[in-house]
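Colleague: What follows is a structure written as structure tokens; I'll ask about it next.
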Amino acid sequence: MNQHLAKAFNDYTSHNINFEHLLDWHLCNGFVLCQPDCFGIGYFSDSHHPTEPAERHHADTLFVTYCVGQMHPVLQLFHGQFDYVAFSRDFKGSPMVRVLDYQKTLNRIK
């Protein structure tokens, strides 16, 4: 198993969250990216309500639910398609949702 996928699995299951159900939801409603250098899941939303999923054609924000490893490949996958990227750091004790300019964030994490 990819080391980043294993970390995600451990993080979620240690918080009693059904990881399989979470992956299924993201595969149907958002994205799942698993590469040697990263694992990321997320969905599409509106910058005014970033925690609420939206249909992709109505979305201006990519909400990254979870990312471990290099975040750049996750954001690069959707380069030029969204104005904002949003996330919270629930596992790090900082649940506040942050909404950032997509291009500036992509440039900053290169």
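The values are calculated or read from the model by the stated rules, or taken from the named source; none is laboratory data. It should be emphasised that the depicted structure is a prediction, and the values quoted were computed from it without experimental measurement. Neighbour counts are summed over all protein chains in view; Cβ atoms, including those assigned to glycine, are modelled from backbone coordinates with ideal geometry.
Colleague: Within segment 82-99, can you find the residues that are of a type outside the set (D, E, K, R), at pLDDT 75 or above and not in a strand (DSSP E or B)?
Modeller: Across segment 82-99, the qualifying residue is only Phe82.
Colleague: What number of residues in segment 11-27 are more than 17 Å from the chain's Cα centre (by Cα) and under 22 Å from Asp37 (Cα atoms)?
Modeller: 1
Colleague: When segment 89-110 is examined, which residues are found to be touching a residue at least 12 places away in the same chain (Cβ under 8 Å) and closer than 24 Å to Asp11 by Cα?
Modeller: Once the filter is applied, which keeps residues that are touching a residue at least 12 places away in the same chain (Cβ under 8 Å) and closer than 24 Å to Asp11 by Cα, segment 89-110 yields Phe91, Val97, Arg98, Val99, Ile109.
Colleague: Going through segment 22-52 one residue at a time, which ones are under 28 Å from Gln3 (Cα atoms), in a strand (DSSP E or B) and not aromatic (Phe, Trp, Tyr)?
Modeller: Gly30, Val32, Leu33, Cys34, Gln35, Cys38, Gly40, Ile41, Gly42, Thr51
Colleague: Can you tell me which residue is nearest to Leu23 (Cα to Cα) among those in segment 50-99 that are more than 13 Å from the chain's Cα centre (by Cα), aliphatic (A, V, I, L, M) and surrounded by 13 or more Cβ atoms within 10 Å (Cβ to Cβ)?
Modeller: For segment 50-99, the residue satisfying everything is Ala54.
Colleague: Hey, another quick one. Restricting attention to segment 20-40, which residues are out of contact with any His (no Cβ under 9 Å at 6 or more places or on another chain) and surrounded by 15 or more Cβ atoms within 10 Å (Cβ to Cβ)?
Modeller: Selection gives Leu22, Leu23, Trp25, His26, Gly30, Phe31, Leu33.
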